[in-house]
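The values are calculated or read from the model by the stated rules, or taken from the named source; none is laboratory data. Just so it is clear, the model here is predicted, and its values are computed rather than measured. When we count neighbours, we look across all protein chains shown, and the Cβ atoms used for this are built from the backbone with ideal geometry, even at glycine. Remember, those area values only see protein heavy atoms, side chains included, never the ligands or the DNA or RNA. Shrake-Rupley method; radii C 1.70, N 1.55, O 1.52, S 1.80 Å.
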Amino acid sequence: IAVGDVSGKGVPAALYSAFAGELVRSRTFRRRYTSERSSPAGVLGSMNTILHDRQLEEYYCTLCYAVFDFKRRTVTLANSGLPYPMRWARTGEDEKIGQTTPIEIAGVPLGSFPGSSYDELTLSLQTGDVFVFCSDGVTEALDVLGREFGTARLVKAINQTAGASAREVVDVVTNAVLEFRGDATPHDDMTVVAIRVLS
């Protein structure tokens, strides 16, 4: 899973986004044939070098790259400045009782500085786990009073989705932001991706 956001707006930003997306796809495809730079941290490091070498200093990309290995029951993540992904996990035997916590893994936006390296985190997967990835257009959405939606409201929204499908989680989060924003003019786009481990 790769969820990203690029700086700027308009056609130049869209072209930059398309280029960054192709870098992700090519490196994901390469994972099938070689172990070189195939880890999430390696993918981000490689992308950072290429994007910085293009000398597009006014643009940068934030990206969270996560590899789910359902055979080993793990997920490995690296992040380059996207808001922390969220994980809802059961806290007992009841599949509808759990807690949402941020996966605190940070990193420098891609293309900003040469030679940047990225940390990597591996977590065990449990049945019922829900992972939510959001762009900053979610947490930084403003209401008519200029208040941010923030992480606490995001956690609250996810906590209300225990037992829901991934599609329903996305809908609940999106609707929570829209309701919070009210009549305020949106200043950024929103991306929400959810993964639910079914077994």
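Assorted remarks:
- Among the residues making up segment 45-62, a single one is out of contact with any helix residue (DSSP H, G or I) (no Cβ under 8 Å at 6 or more places or on another chain), open to solvent by less than 50 Å² (accessible area, probe 1.4 Å) and among the polar types (S, T, N, Q): 48.
- Listed by first and then second residue, the pairs with beta-carbon distance under 7 Å, at least 6 apart or on different chains, first residue in segment 173-199 and on the phi > 0 side of the Ramachandran plot, second surrounded by 12 or more Cβ atoms within 10 Å (Cβ to Cβ), are 182/143.
- For residue 17, the requirement of being at pLDDT below 80, surrounded by 16 or more Cβ atoms within 10 Å (Cβ to Cβ) and either assigned to a loop (DSSP other than H, G, I, E, B) or under 18 Å from the mean Cα position of the chain (by Cα) (or both) is not met.
- Test: residue in segment 181-199 that is in a helix (DSSP H, G or I) and either open to solvent by 40 Å² or more (accessible area, probe 1.4 Å) or at pLDDT 95 or above (or both): yes
- Long-range neighbours under 7 Å by Cβ, at least six apart or interchain, first residue open to solvent by 30 Å² or more (accessible area, probe 1.4 Å) within segment 63-87, second part of a strand (DSSP E or B) and among the aromatic types (Phe, Trp, Tyr): 87/131
- Only one of the numbered conditions (1) among the hydrophobic types (A, V, I, L, M, F, W, C); (2) open to solvent by 70 Å² or more (accessible area, probe 1.4 Å); (3) closer than 18 Å to residue 5 by Cα is violated by residue 178, and that is (3).
Here's the yes/no breakdown for (1) over 21 Å from the mean Cα position of the chain (by Cα); (2) over 16 Å from residue 1 (Cβ atoms); (3) not basic (Lys, Arg):
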| residue | (1), (2), (3) |
| --- | --- |
| 49 | no, yes, yes |
| 65 | no, no, yes |
| 82 | no, no, yes |
| 92 | yes, yes, yes |
| 102 | no, yes, yes |
| 110 | no, yes, yes |
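- Segment 116-164: number of residues that are under 28 Å from residue 74 (Cα atoms), open to solvent by 70 Å² or more (accessible area, probe 1.4 Å), assigned to a loop (DSSP other than H, G, I, E, B) and out of contact with any Lys or Arg (no Cβ under 7 Å at 6 or more places or on another chain): 4
- Every listed requirement among (1) within 15 Å of the chain's Cα centre (by Cα); (2) more than 25 Å from residue 6 (Cβ to Cβ); (3) not polar (S, T, N, Q) is met by residue 106 save one, (2).
- Search result, residues across segment 99-115 that are assigned to a strand (DSSP E or B), within 24 Å of residue 198 (Cα to Cα) and open to solvent by less than 30 Å² (accessible area, probe 1.4 Å): 100
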